[in-house]
Amino acid sequence: MKRVFVIVLDSCGIGFEPDAADFGDVGADTLRTCSQSPKFAMPNLISMGLGNLDGVDYLPKTGKPTAALARLQELSRGKDTTIGHWEIAGIVSPEPLPTFPHGFPEEVLRPFREQTGRGVLCNLPYSGTDVIRDYGEEQRKTGKWIVYTSADSVFQVAAHEEWIPLQELYDACRKARKILQGKYGVGRVIARPYVGDAEHGFKRTANRHDFSLEPPKQTMLDAVKAAGLDCLAVGKIHDIFAGRGDTEYVFNKSNADGMAHTVDYAARDFHGLCFVNLVDFDMLYGHRRNPDGYAAALQEFDSWLPGFLEKLGEDDCVIITADHGCDPGYRKHTDHTREYIPMIALGKKIRPINLGTRAGFCDIAATVTDLLGVPYQTPGRSFAAELV
């Protein structure tokens with residue numbers, strides 16, 4: 001293959017995994033929940049074989065699928081963005097990244113305050129929209145950072161764009177990233193800028209920026225770049241991999257923006273990988289437990305897909321997948337859910353085949369590097385020979 005596009009529908013899981021009880025996620029099923037919404041419509045992917053995936057017994061099946069299909073089970077001990085993407089890219093993480101259900105210790109906060117010159121508010125697990133509602137006015141009065149976390153391995157810093165300049169927020173997050181290493185090495189430090197006021201409400205902006213822990217081993221991105229091929233990152237891929245491995249990157253303001261960037265790259269004559277993350281599913285609808293919004297976003301992607309496929313050449317392949325679940329109907333918590341993910345491969349030379357259930361998101365990395373003829377060692381098992 002000349003070009004491989006990997007598109008991550010962030011959080012679009014397809015059913016809870018056997019060890020979901022360890023994560024408090026028994027019964028979670030992101031796609032099933034969305035399919036029950038009146039906003040749900042995915043005729044294109046269903047005609048390609050979406051309903052033929054193992055465990056997807058709530059969508060119509062087709063006798064003539066046009067895609068190669070698989071349900072992938074996570075090997076890593078986690079259900080977050082970083083670990084999910086790392087495994088897609090070839091790294092299995094046997095130990096979960098650290099979380100801080102009671103907030104961060106003084107060993108972390110003291111140097112953060114000293115190095116940034118501002119105090120800290122909150123320091124608890126919190127919803128991102130609730131925390132600015134509850135602490136926004138106090139930030140205006142005190143100038144302190146709003147620091148919070150979640151069930152994920154994250155250190156999040158919220159700051160009002162008109163009170164604290166964006167660059168100061170980003171610089172503070174870079175300093176936090178250097179502090180948060182070793183036993184405090186969270187997967188991501190996230191800058192969460194917002195605007196508004198207490199009277200009319202506060203609202204997060206599109207200027208979010210993630211500062212990730214550097215992957216501990218070589219990923220498929222590193223391998224593709226080392227082979228002299230192009231590695232194009234769309235959305236938060238550049239941030240998730242700490243800027244390592246890509247040869248060019250662009251951020252997204254929305255799913256629609258990310259899909260437009262992907263079309264732009266498809267129009268270019270590159271050789272290698274285009275790795276795409278569409279985060280609205282997770283950020284806007286999954287965590288906010290909005291099934292109708294999530295279903296509408298899936299419909300938007302499904303409507304966009306045929307036009308994108310028309311732009312692919314004879315030696316192109318697109319793999320549609322996810323990185324974890326975030327069931328918008330799950331009420332035990334508002335965090336990610338431990339779920340299987342889909343693998344849907346399409347292309348003019350891709351043979352429609354159902355590969356059943358496979359152990360390891362990392363099979364994607366093994367397959368992508370195999371398709372591109374790039375040497376790469378990963379625990380994943382390539383299914384490239386079965387596709388082409």
Placing +1 on the Cβ of each Lys and Arg and -1 on the Cβ of each Asp and Glu in the chain, which of PRO125, LEU387, ALA266 has its Cα farthest towards the positive end of the resulting dipole? PRO125
Per residue of the range 45-57, in order, report the coupling 6.51 cos²θ - 1.76 cosθ + 1.60 (Karplus, θ = phi - 60°) as ³J(HN,Hα) in whole Hz, putting x for Gly and Pro. 5, 5, 5, 7, x, 3, x, 8, 4, 3, x, 8, 9
Nearest 20 debye, what's the magnitude of the dipole of the range 119-230 about its Cα centre given +1 on Lys and Arg Cβ and -1 on Asp and Glu Cβ? 400 debye
If you fit an axis through the alpha-carbon atoms of helix 363-372 and take the longest principal axis of the Cα set of the chain, what angle between them do you get, 0 to 90°, nearest 10? 60 degrees
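Within the set of other residues whose C-beta is less than 9 Å from the C-beta of PHE241, count the net charge using Lys and Arg as +1 and Asp and Glu as -1.
Details: positive: ARG244; negative: GLU214, ASP222, ASP239, ASP246.
Surrounding charge for PHE241 is -3.
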Once amide hydrogens are built 1.01 Å from N within the peptide plane, the residues lying 5 or more places from GLU248 or on another chain with amide H under 5 Å from its amide H are CYS231, ALA233
Quick one: which residues, 5 or more positions from THR337 or on another chain, have an amide H under 5 Å from its amide H? H modelled 1.01 Å from N in the peptide plane, none for Pro or chain starts. GLY325, CYS326, ASP327
Return the loop-located trypsin sites (Lys or Arg not before Pro) in the range 306-366 (DSSP other than H, G, I, E, B) with at most 10 other Cβ atoms within 10 Å of their own Cβ; answer none if there are none. ARG331
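Mean residue ellipticity at 222 nm from the helices of the chain, using -39,500 (n - 2.57) per DSSP H segment of n ≥ 4 over the full residue count, to the nearest 500 deg cm²/dmol? List each step's numbers first, then the result.
Numbers: 12 runs with 116 residues, N = 388.
Taken over the chain, the calculation gives -8500 deg cm²/dmol.
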For the range 337-388, what size does the Cα cloud have along each of its three principal axes, sorted from largest down, in whole Å? 33, 27, 14
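Got a number for carbon plus sulfur as a percent of the chain's accessible area, 1.4 Å probe? Please list the in-between numbers first.
Working: 7320 of 14770 Å².
Within the chain, the accessible surface is 50 percent carbon and sulfur.
Quick one: longest stretch of the chain between exposed loop GluC sites (Glu not before Pro), exposed meaning at most 10 other C-beta atoms within 10 Å and loop per DSSP?
Values: sites that count: GLU199, GLU310, GLU314.
That gives 1-198 as the longest site-free run.
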Given H placed 1.01 Å from N in the peptide plane, which residues other than close sequence neighbours of TYR194 have an amide H under 5 Å from its amide H? ALA159, HIS160, GLU161, THR205
Looking only at the chain, where both bridge partners belong to it, what percent of the DSSP beta bridges are antiparallel (to the nearest 5)? 35 percent
Positive minus negative residues near ASN255 (Lys, Arg vs Asp, Glu; Cβ under 13 Å): -4
Under unit Cβ charges (Lys, Arg +1; Asp, Glu -1), what dipole magnitude, rounded to 20 debye, does the range 204-335 have relative to its Cα centre? 640 debye
Local electrostatic count, VAL147, Cβ distance below 11 Å [Lys/Arg +1, Asp/Glu -1]: +4
Relative contact order (%) - criterion: Cα under 8 Å, at least six apart; region: the chain: 31 percent
Cα-based helix-to-principal-axis angle, 255-266 vs the chain, degrees rounded to 10: 50 degrees
Roughly how big is the chain's charge dipole about its Cα centre, with Cβ charges of +1 (Lys, Arg) and -1 (Asp, Glu), in debye to the nearest 20? 200 debye
Could you pull out the chymotrypsin sites (Phe, Trp or Tyr not before Pro) across the range 16-118 that fall in loop regions by DSSP (anything but H, G, I, E, B) with no more than 14 other Cβ atoms inside 10 Å? TYR58
Hey, what angle do you get for helix 166-179 against the long axis of the chain, alpha-carbon based, 0 to 90 degrees rounded to 10? 80 degrees
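The values are calculated or read from the model by the stated rules, or taken from the named source; none is laboratory data. Just so it is clear, the model here is predicted, and its values are computed rather than measured. In this analysis, Cβ positions are derived from the backbone assuming ideal geometry, glycine residues included, and neighbour counts consider all displayed protein chains. With ligands, DNA and RNA removed, areas are computed over all heavy atoms of the protein, side chains included. Shrake-Rupley method; radii C 1.70, N 1.55, O 1.52, S 1.80 Å.
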